[in-house]
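The values are calculated or read from the model by the stated rules, or taken from the named source; none is laboratory data. Keep in mind the model is a prediction, meaning the values are calculated, not measured. We place every Cβ from the backbone using ideal geometry, glycine too, and count neighbours over all the protein chains shown.
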Amino acid sequence: MRPAFLTVLRKELRDALRDRRTALMVLVASVLSGPLTLVLLAQFVSGLEEKAASTKVRMVGSANAPSLVNFLQRNDVEIEQAPADYEKRVKEGRLDAVIVIPDDFDARFVGGEEPRVEIVYDDSRTESGPAIRQAERLLRAFNRETGMLRLVARGVSPDLADPVKVEHVNTATPRQKGAFLLFVIPMFALLSPLLGGMAVAIDSTAGERERGSLEPLLANPVPTRHIVAGKWLAAWTLATAVAAFTLAGFAVASTFYAQRKLSAMMAFGLPEWIEFLVVVIPFAAMTSALQMLICTYGRSYREAQTYVSYLATVVSFVPIVVIFAGLKDAAWQLAIPVLGQQVVLSRMVRGDALGMADWLLPSTIALCIAAFCIAAVVRLLGQERIVFGRT
Amino acid sequence: MIEARGLGKSFNAVDAVRDVSFVAPDGRITGLLGPNGAGKTTTLRMVSTLVRPTRGSAFVDGLDVTREPLAVRARLGVLSDARGLYARLTARENIAYYAALRAMSPAAIESGIARLADLLDMKALLDRRVDGFSQGERMKVAIARALVHDPRNVLLDEPTNGLDVMTTRSLREVIRRLREAGKCVVFSSHVMQEVSHLCDEIVIVAHGAVVAHGPAEALLAQSGRTDLEDAFVHLAGEATAP
């Protein structure tokens with residue numbers, strides 16, 4: 001004899017999978033958009049690198065500054081003449097940065113009269129950043145060289161102008177540099193269970209109330225906890241499945257970059273996929289239980305949908321807080337639902353070692369919250385105002 | 001057998017049901033007759049264990065509804081006021097879901113569905129999704145769902161509401177067959193004709209209390225009228241709102 005909760009689980013899964021429209025929405029929104037985001041981001045990053053790697057400047061009036069042109073050519077910099085309407089083009093984003101040399105440059109330069117050079121750019125466009133910095137860097141280098149030569153010409157040691165030598169030592173591993181990029185994977189890992197469990201959570205609570213099927217369902221000789229458990233397991237199963245698909249999409253997408261410079265940054269393969277699921281599955285238990293609890297208060301599908309979107313907003317807010325508040329890792333964060341998962345998943349992405357507390361604490365808390373929510377739903381379904389309070 | 005003893009229910013100091021007592025024996029059709037808002041639905045909900053009585057109690061085959069709700073539910077087939085179906089499931093799946101929740105074996109579920117499809121003339125509906133069903137077709141599925149486990153006691157809350165003449169007639173036939181099979185049938189209605197056509201016993205409920213109880217002839221005698229409708233108006237009108 002099959003326990004009642006399995007009967008409920010089977011029915012809810014069958015019912016949910018027949019809802020093609022929702023299934024398609026989940027497929028597109030979650031399973032495809034995740035990797036798509038990653039591909040776009042990766043393209044963006046590699047685009048930045050390419051722009052920075054190719055040393056090319058656009059100039060107006062280069063004929064006025066033979067000394068500067070000579071310097072650039074000696075440094076293998078390609079000089080391109082900017083079109084006359086360069087200002088318009090910069091505004092439109094078709095040019096990143098243009099060096100403008102005035103007519104009197106050479107005369108003033110030779111006479112030591114501080115000639116002016118303009119860099120024209122639009123710094124509201126982040127993708128122009130590298131080109132702007134490059135133009136700046138080249139002009140500064142030219143300044144330095146000229147200055148040195150003038151000091152030497154006057155018999156002064158050039159070291160006097162450089163009292164402190166600065167050298168760069170960057171400790172970030174390539175993988176950590178990619179962490180910014182991989183930040184999106186923990187975010188999707190935390191949002192996809194919400195998307196996956198939503199339809200069942202709404203349909204099996206507020207949906208039952210709205211269509212008047214809750215009262216006859218509860219008239220069956222089955223303890224309410226069995227009915228609630230079956231519904232919850234259905235929501236949890238779908239939440240987990242959608243999360244697993246989404247993350248698998250990321251794993252597949254990251255293999256496209258295996259041959260590139262980005263491969264070191266984007267290590268998200270099968271081992272990481274499994275590690276992620278170990279954290280995400282208990283998390284999905286919590287989110288589906290929370291969704292069911294708040295949806296039980298909804299008298300209609302639409303009302304419940306509104307409540308669920310509030311929950312999604314709260315969850316998606318956490319990664320944003322982490323980004324902008326610049327939180328440093330601390331033990332207490334593990335104890336906060338969502339934040340704890342976010343911290344642990346980020347560490348996995350960075351390739352940091354995880355301790356026992358990282359593995360156990362967030363998941364244990366998530367499962368406790370799930371149990372509490374399920375118990376609350378069982379209580380609510382024993383209340384006459386919920387069972388009979390229809391629209 | 002279903003027995004109500006001094007049932008009462010208050011919602012926030014409003015008495016929905018004040019004092020309802022009746023006995024519905026096996027092999028008889030008992031009708032709860034009363035105007036809208038008389039407390040019929042709340043009474044049936046208390047008998048089906050979904051609403052807890054404030055006062056009094058009810059017994060199904062001698063089992064107290066408040067003490068042994070699961071055992072009571074197992075002995076009941078209920079067509080409640082709310083009779084929503086799962087639109088994405090077929091008629092057969094809707095019925096089989098409840099049968100499985102009642103721990104019936106797959107073979108018993110299949111034969112139960114076949115029996116009811118025959119009785120309710122709904123074979124052609126079984127493997128279609130409930131989505132596009134008419135009111136009458138939905139009602140047939142809901143009735144089949146309530147009766148699939150062949151319960152000894154049947155509660156029907158306003159079963160003919162919104163049904164056309166043909167469906168109403170076939171529903172009456174189903175109810176008569178239940179009586180022939182020795183079941184205890186309780187059904188509520190606010191329609192005089194229906195109750196007088198069908199019921200062996202009539203319980204008239206007004207303002208949350210039973211005002212008269214007995215076969216149609218007895219009620220006529222009690223009220224001193226010759227027409228049952230007059231008798232109903234007279235008896236229901238006697239009870240003044242509390």
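Brief remarks follow.
- A count restricted to the range A:110-165 and to residues that are closer than 26 Å to A:ASN64 by Cα, of a type in the set (Val, Ile, Thr) and in a helix (DSSP H, G or I) stands at 4.
- Pick from the range A:338-353, criterion without any contact (Cβ under 8 Å) to a residue 60 or more places away in the chain and of a type in the set (A, V, I, L, M, F, W, C), ranking: surrounded by the most Cβ atoms within 10 Å (Cβ to Cβ): A:VAL343
- Among the residues of the range A:114-127, those identified as surrounded by 10 or more Cβ atoms within 10 Å (Cβ to Cβ) and either over 19 Å from A:ARG58 (Cα atoms) or modelled with pLDDT of 80 or more (or both) are A:PRO115, A:ARG116, A:VAL117, A:GLU118, A:ILE119, A:VAL120, A:TYR121, A:ASP122.
- Among (1) within 30 Å of A:PRO3 (Cα to Cα); (2) assigned to a helix (DSSP H, G or I), the one test that B:ASP150 misses: (2)
- Considering residues of the range B:42-65 that are surrounded by fewer than 21 Cβ atoms within 10 Å (Cβ to Cβ) and within 13 Å of another protein chain (Cβ to nearest Cβ) only, the residue farthest from B:MET192 (Cα to Cα): B:LEU63
- Filter result (in a strand (DSSP E or B) and under 10 Å from B:VAL205 (Cβ atoms)) within the range B:32-60: B:LEU32, B:LEU33
- Only one of B:LEU163, B:LEU171, B:LEU178, B:LEU85 that is more than 13 Å from every other protein chain (Cβ to nearest Cβ), assigned to a loop (DSSP other than H, G, I, E, B) and in contact (Cβ under 8 Å) with a residue 12 or more places away in the chain: B:LEU163
- Filter pass, A:ALA107 being hydrophobic (A, V, I, L, M, F, W, C), in a loop (DSSP other than H, G, I, E, B) and more than 12 Å from A:LEU138 (Cα to Cα): no
- Residue among A:VAL98, A:VAL90 that alone is buried (at least 18 other Cβ atoms within 10 Å of the Cβ), at pLDDT 80 or above, of a type in the set (A, V, I, L, M) and touching a helix residue (DSSP H, G or I) at 6+ places or on another chain (Cβ under 7 Å): A:VAL98
- Selection within the range A:369-391: residues that are part of a helix (DSSP H, G or I) and of a type in the set (Val, Ile, Thr). The member of this set that is farthest from A:ALA304 (Cα to Cα) is A:ILE369.
- Selection count, the range B:211-231, where residues are modelled with pLDDT of 85 or more and part of a loop (DSSP other than H, G, I, E, B): 1
- Taking the criterion of being closer than 18 Å to A:GLN73 by Cα and of a type outside the set (A, V, I, L, M, F, W, C), the residues of the range A:130-149 that qualify are A:GLN134, A:GLU136, A:ARG137, A:ARG140, A:ASN143, A:ARG144, A:GLU145, A:THR146.
- In the range A:209-256, the residues that are farther than 20 Å from A:LEU190 by Cβ, away from every other protein chain (no Cβ under 14 Å), in a helix (DSSP H, G or I) and not β-branched (Val, Ile, Thr): A:LEU233
- The set of residues in the range B:69-82 that are surrounded by fewer than 21 Cβ atoms within 10 Å (Cβ to Cβ) and more than 7 Å from chain A (Cβ to nearest Cβ) comprises B:PRO69, B:ALA71, B:ARG75, B:ASP81.
- Subset of the range A:63-85 [under 17 Å from A:GLU136 (Cβ atoms) and either in a helix (DSSP H, G or I) or not assigned by TED's automatic domain parsing to the domain that holds A:ALA131 (or both)]: A:LEU68, A:PHE71, A:LEU72
- Note on the range B:88-103: among residues that are hydrophobic (A, V, I, L, M, F, W, C), more than 20 Å from A:GLU210 (Cα to Cα) and within 8 Å of another protein chain (Cβ to nearest Cβ), the one that is nearest to the chain's Cα centre (by Cα) is B:LEU101.
- Just one residue in the set B:VAL191, B:VAL233, B:VAL185, B:VAL210 is assigned by TED's automatic domain parsing to the domain that holds B:ALA4, closer than 17 Å to B:VAL20 by Cβ and not acidic (Asp, Glu); that residue is B:VAL210.
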